[in-house]
Every structure is written in C-alpha cells, then in structure tokens.
1. Sort out which residues of segment 158-213 are among the charged types (D, E, K, R) and assigned to a strand (DSSP E or B), and write them in order of number.
2. Quick check, is Ala123 of a type in the set (Gly, Ala, Ser) and farther than 16 Å from Gly192 by Cβ?
3. Looking at segment 63-77 only, could you name the residues that are assigned to a strand (DSSP E or B) and surrounded by 16 or more Cβ atoms within 10 Å (Cβ to Cβ)?
4. Limited to segment 105-127, what total is found for residues that are within 30 Å of Ala211 (Cβ to Cβ) and in contact with a strand residue (DSSP E or B) (Cβ under 7 Å, 6 or more places away or on another chain)?
5. Could you identify the single residue in Pro117, Pro85, Pro50 that is surrounded by 12 or more Cβ atoms within 10 Å (Cβ to Cβ) and either at pLDDT below 95 or in contact with a Phe, Trp or Tyr (Cβ under 6 Å, 6 or more places away or on another chain) (or both)?
6. So Val134 fits all but one of (1) over 15 Å from the mean Cα position of the chain (by Cα); (2) outside any helix (DSSP H, G or I); (3) more than 20 Å from Val97 (Cβ to Cβ); (4) touching a residue at least 12 places away in the same chain (Cβ under 8 Å); what number is the exception?
7. Give me the pairs: first residue in segment 64-88 and basic (Lys, Arg), second residue part of a loop (DSSP other than H, G, I, E, B) and at pLDDT 95 or above, beta-carbon distance under 8 Å, and six or more apart or on different chains, which are they?
8. Among residues belonging to segment 88-97 that are surrounded by fewer than 22 Cβ atoms within 10 Å (Cβ to Cβ) and under 14 Å from the mean Cα position of the chain (by Cα), point out the one that is nearest to Ala123 (Cα to Cα).
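The values are calculated or read from the model by the stated rules, or taken from the named source; none is laboratory data. Keep in mind it's a predicted model, so treat the numbers as computed, not measured. With ideal geometry, Cβ positions are generated from the backbone for all residues, glycine too; neighbour counts draw on all protein chains shown.
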Amino acid sequence: MKLISASIHFLVLIGLCRCSLTTETLPYIGEPETVTKRVDGKTVTVRDYPAIPAFSFTNQYGKTVTQQDFDGKIYVADFFFVTCPTICPIMKRNMLVVYKAYQDSPDVRILSHTIDPEHDTPAVLKQYAQELGVTDTVWQFVTGDREKIYDIGENHYLVTAGKDPKAPGGYIHSGAFVLIDKEKHIRGMYDGTTPEGTHKLIRDIQVLRQAYE
C-alpha cells in the first residue's frame, strides 16, 4: 500500500514539473514604450517592448539577409570578429553547442554579426563557418556597413560592439548571446563564454518554443 501511495505521489510530482515547464514564461528585456496599433479595425495605444528593427546584411554565402528572413523564427544573436584573440573562440565553441541542439528545428536560427567588416568578407565568413562545421543557413554569419552593425548591436540588441584600438585585436564587444522571440523582442541575455550561460540559453529556447505551441 505504501508503495502504491509513493508511486502516486511521484507521478503527481512529475505532472507538476511538466505543468510548471509549460507555463513558464521568459521576461522581456528593454524599456517598454507607448505605441499606436490597429487591433480589430480600431486604433489603440498600448505599452509595448522594443523590437529589433529592420536590417540588411550579407551572409557567408554572399546573400542578403534581412529581418524578414527571421519572421516566425526564434533566433539567437551575437557579435564577434574572425581574428578575435580573446573570447570569440570560446563563444563560437559554445554557440556550436546551441547550433547542434537546434540544427534540425525549423523555427530556430542563429545570427552572428562581425564587427570587423573590412576583414570579414563573405568569403572569410564562409571559410570560418565551414571550419566550425556549419554548411547551412540555420547559423548565418553576416557582414555589412560598419556603423549599421554597431548601431543595431549597441542600440537594439543592447550589447557592446565597436572599434577600440586599445582592445586586443582592435575591437571590443560583448560576450552575450541574445535570445529573440518571433515578434523580435529580446527575451534573454546569456554569458556566451560559459557552459552555464550556454545551457541556460538552450533550456530557455525550449521554454520559448513551448510558449508558441
């Protein structure tokens, strides 16, 4: 009888754990702003969190990549440069773990922005991606106008990204992995230089995916 009671108690705990996972929500990051929207044919004023704005960059295959390529996608963004002598190699090893975890998921993407566009041409980025074992468009490495990359990084993804002659390699950037939802809101920021931050990101991507089910 005690065994049956214990078994029932265990099953209830499992059910509660599953329930808590499916009902968990991630926070929105950034200051909400007042915006005007059309809802059901009516103009309404609501408080909304800032979204990643329109962008246009070039990926490792020489193709133009815009925000529309991420419509209906959850994605992870970060900033790096190929010749980085400090945290970039660690970040890319950790991002590779994220990539492998969701490589076959049609609703998850990764977008890595170079902050050294003069050196990191599409050809350089393609070789860099291939050395990581990336040959598809699930993980895209993009280059483009230097100031536009810095602007979207610092003012919209809320990370450090810029040129700094005093920094190793001549550039300074954040080690953050930034989680973006399907409405292009920031839903999480993670330390891309640690296994702990990487594993938390992998878990939170799944939490976010479940929110859309």
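1. Taking segment 158-213 and keeping what is among the charged types (D, E, K, R), we get 163-164, 166, 181-184, 187, 191, 196, 200, 203-204, 209, 213.
Matches in segment 158-213: Lys163, Arg187, Asp191.
2. So Ala123 passes the test.
3. First, the residues of segment 63-77 that are assigned to a strand (DSSP E or B): 64-66, 74-77.
If the condition is that a residue be assigned to a strand (DSSP E or B) and surrounded by 16 or more Cβ atoms within 10 Å (Cβ to Cβ), then Val65, Ile74, Tyr75, Val76, Ala77 are the ones that fit.
4. Step one: of segment 105-127, the residues within 30 Å of Ala211 (Cβ to Cβ) are 105-113.
With the extra rule that they be in contact with a strand residue (DSSP E or B) (Cβ under 7 Å, 6 or more places away or on another chain), the set shrinks to 107-113.
Total satisfying the criteria: 7.
5. Working: Pro117 fails: either at pLDDT below 95 or in contact with a Phe, Trp or Tyr (Cβ under 6 Å, 6 or more places away or on another chain) (or both); Pro85 fails: surrounded by 12 or more Cβ atoms within 10 Å (Cβ to Cβ).
After applying the criteria, what remains is Pro50.
6. Every listed condition holds for Val134 apart from (3).
7. Lys73/Asp107; Lys73/Lys182
8. Pass one, segment 88-97, residues surrounded by fewer than 22 Cβ atoms within 10 Å (Cβ to Cβ): 89-90, 93, 96-97.
Narrowing further to those that are under 14 Å from the mean Cα position of the chain (by Cα): 96-97.
Details: Leu96: 20, Val97: 24 Å.
The residue in question is Leu96.
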